[in-house]
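Visitor: One structure follows; several queries about it will come next.
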Amino acid sequence: MPGPVTARDLARHLGVSQSMVSRAFSPGASVAPEMRSRILAAAAELGYRPNVIASALSRRRSGIVGVVMGELSNPFYPAVLECLSEALRSAGFQCLLLTVPRGEEADACLPMLRQYHVDGVVLTSANLSSAGAAHWIADGRAAVLFNRTAAGESALHSVACDNVAGGRMAADALLAGGRRRLAFVAGRSDTSTSRERERGFREALAEQGLAACRIEAGAFSYEAGHSAALQALEQSADGIFFANDILALGGLDALRHTAGLRVPDEVAVVGFDDIPMAGWPAYNLTTLRQPVEAMARRTVDLLQDGAAAAQASRLPASLVRRGSL
């Protein structure tokens with residue numbers, strides 16, 4: 001047959017109805033096993049492939065989940081995307097990735113997501129305005145914030161590591177190592193992750209009658225971490241907690257190669273995330289590991305649950321001890 005083979009072509013070839021062809025490709029649909037086998041065999045012979053988009057329009061469900069990301073330069077997020085994609089695939093979904101330019105909100109992605117009739121959306125390292133969230137929820141589609149929390153009341157589900165408890169664990173580990181002149185290196189001020197990790201860190205120190213100087217890195221980047229570590233040394237810090245691993249890697253290189261210090265003998269370092277590079281021998285970074293796989297599975301559960309009330313899930317971090325502490 002010239003051109004792509006359609007369901008109508010296949011039905012005409014077999015002498016059956018077009019709806020019969022459609023049901024043969026729908027799991028659980030009422031079709032006699034012999035007829036299903038006959039249709040599938042003919043489809044393979046003629047090169048017919050079902051039109052997933054057309055099927056989605058008729059069923060009002062696409063089986064597609066949009067994943068919106070604001071940055072991929074941080075090695076943590078490619079790992080997140082891999083886990084999310086696998087969890088979605090295991091649940092029968094396909095993943096549609098959209099990226100948002102830095103500093104912009106994810107609202108601009110919503111029209112395209114609607115065009116693809118996605119069943120839900122996961123937002124990670126990207127922000128959705130309150131108005132955008134309200135319009136999306138009014139469409140009857142699920143939305144989950146991943147690795148971030150919304151300020152105040154939110155109609156969106158959220159799944160994140162327990163960053164406050166993780167910050168407390170970082171403080172306890174540094175204090176147990178005999179460090180008393182501590183510094184916290186903050187990432188971007190508009191991220192809930194950095195704020196929550198700092199909060200837990202400071203709360204644990206305050207309980208011991210201690211405080212920490214604050215270094216504003218302004219970004220989650222290697223270069224920002226390198227500069228921040230040198231600023232922490234100006235404050236005589238003997239222990240530094242970085243808001244994430246990519247900051248900590250820059251900090252480690254500044255301490256070891258620019259300042260010529262021995263880590264951890266002279267300065268101890270703790271990061272957050274446990275990206276693959278944290279375990280490389282060149283860095284050997286002690287860090288808080290996020291349970292990314294469990295967070296991805298919980299995200300998919302919320303997408304499938306259909307609960308109207310927003311749920312906030314917080315999963316525990318774990319301390320991974322390496323040579324920087």
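The values are calculated or read from the model by the stated rules, or taken from the named source; none is laboratory data. Here the structure is a predicted model, which means the values were calculated and not measured. When we count neighbours, we look across all protein chains shown, and the Cβ atoms used for this are built from the backbone with ideal geometry, even at glycine.
Visitor: Pairs, please: C-beta under 9 Å, at least 6 apart or cross-chain, first residue within 21 Å of residue 160 (Cα to Cα) and touching a residue at least 12 places away in the same chain (Cβ under 8 Å) and in the stretch 106-132, second crowded, with 16+ Cβ neighbours inside 10 Å and of a type in the set (Lys, Arg)?
Guide: Filtered contacts from the stretch 106-132: 120/141; 121/141; 123/148; 124/148; 125/148; 126/148; 127/148.
Visitor: I would also like to ask the following. Please count how many residues of the stretch 232-247 are buried (at least 18 other Cβ atoms within 10 Å of the Cβ) and free of Cβ contacts under 8 Å to residues at least 40 places away in the same chain.
Guide: Total satisfying the criteria: 1.
Visitor: Kindly establish whether residue 68 is of a type in the set (Val, Ile, Thr), assigned by TED's automatic domain parsing to the domain that holds residue 139 and at pLDDT 85 or above.
Guide: So residue 68 fits the description; yes.
A quick yes/no check of all residues on (1) in a loop (DSSP other than H, G, I, E, B); (2) at pLDDT 95 or above; (3) over 27 Å from residue 234 (Cα atoms):
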| site | (1), (2), (3) |
| --- | --- |
| 256 | no, yes, no |
| 263 | yes, yes, no |
| 293 | no, yes, yes |
| 322 | yes, yes, no |
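Visitor: Output the residue which, of all residues in the stretch 197-210 that are touching a strand residue (DSSP E or B) at 6+ places or on another chain (Cβ under 8 Å) and of a type outside the set (A, V, I, L, M, F, W, C), is farthest from residue 148 (Cα to Cα).
Guide: 202
Visitor: Oh, and also: Give me the residue from the stretch 19-49 that is modelled with pLDDT under 85 and in contact with a Lys or Arg (Cβ under 7 Å, 6 or more places away or on another chain) and, out of that set, nearest to residue 4 (Cα to Cα).
Guide: By that ranking, first place goes to 24.
Visitor: When you scan the stretch 85-105, do you find a residue that is within 18 Å of the chain's Cα centre (by Cα), in a helix (DSSP H, G or I) and of a type in the set (Ser, Thr, Tyr), even just one?
Guide: Within the stretch 85-105 (the criterion being within 18 Å of the chain's Cα centre (by Cα), in a helix (DSSP H, G or I) and of a type in the set (Ser, Thr, Tyr)), the answer is yes, since at least one residue qualifies.
Visitor: Evaluate the stretch 86-109: report whether one residue or more is surrounded by fewer than 16 Cβ atoms within 10 Å (Cβ to Cβ) and basic (Lys, Arg).
Guide: Within the stretch 86-109, one or more residues are surrounded by fewer than 16 Cβ atoms within 10 Å (Cβ to Cβ) and basic (Lys, Arg).
Visitor: So which of 292, 267 ends up being buried (at least 24 other Cβ atoms within 10 Å of the Cβ) and either in contact (Cβ under 8 Å) with a residue 12 or more places away in the chain or among the basic types (Lys, Arg) (or both)?
Guide: Just a single option satisfies the conditions, and that option is 267.
Visitor: Does any residue of the stretch 268-289 turn out to be assigned to a helix (DSSP H, G or I), over 21 Å from the mean Cα position of the chain (by Cα) and either modelled with pLDDT of 95 or more or closer than 20 Å to residue 160 by Cα (or both)?
Guide: no
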